[in-house]
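Beneath this line is the structure, given in C-alpha cells, with notes to follow.
The values are calculated or read from the model by the stated rules, or taken from the named source; none is laboratory data. Computed from a predicted structure; not experimentally measured. Ligands, DNA and RNA are stripped out before the accessible areas are found, and what is left, the full protein with its side chains, is counted by its heavy atoms. Shrake-Rupley method; radii C 1.70, N 1.55, O 1.52, S 1.80 Å.
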Amino acid sequence: MRSIAQSFLIYLLLSFPAHVAAGTPSEYQLKAAFLYNFALFTEWPEAVGDTLDLCIYGSDPFGDALLPLNHRRVGPRRIITQLPTTLAELPDCELVFIARSAMGQLPEILGAVHGLPILTVADSPGAMRRGVAINMITQHNRIAFEANLTAARAHSLNLSSRLLRLAEEVEK
C-alpha cells in the first residue's frame, strides 16, 4: 500500500511545474495524478496499441492540469490526451473520464464503450454503482476513489490488487 501512495506523491512532485509543486495542487491537478496512477495500475489486453488515449468527455474540468500527462509513459504506451465531442469517438479511447456535465448521458456513454478495453472514470456521486469502473470521491477533505470490478472486467481490464487496496470501496 505504501508504494502506491509513494508513487502518487512522487508523481505529483515530479510532474507539475515548480510554481505548482511549491504550492498546494488544485483539485484537478490531484485528480490528474490519480488518472495517471489508475492507468499505471490497470492491465489492458495486448491488442491495445502503443498509445493510451486519455479522453475527457463533457466539459473539461482539468484545463492545463492534464498537460504533464501528455506523452508520459505507461508501460510500453504513451498517453495522448483527447477531448472527444461525440459518443462515436469514445471507442478510440483507452481511458475515458466522464465529466460531471456528461453524467446525464451515462447510459449512452457506457453503451458506446460496452465490451471494449476502455477504463471508465468519473468523479460524480453514485457513478461507481451506475457502472463506472473507478469513481473519485472527496472524503474528509481528501481525494479517494471507489472501484467497480465487475465494470472493469466487463471491459477485459484487470485492476491491480495494489490499487484496489487503496480504494475506499470495491464492488465485486
Using the Kirkwood formula on the Cα atoms of the range 61-127, what hydrodynamic radius do you get, in angstrom to one decimal? 13.0 Å
Hydrodynamic radius by Kirkwood, which averages 1/r over all alpha carbon pairs of the range 109-149, in angstrom: 10.7 Å
Descending principal axes extents, the range 28-172, alpha-carbon based, whole Å: 36, 31, 30
Ranked by GNM mean-square fluctuation in the chain (Cα springs under 10 Å), the top entry among GLN105, GLN139, GLN82 is GLN139
Accessible area of the range 43-172 belonging to carbon and sulfur atoms, whole % at 1.4 Å probe: 48 percent
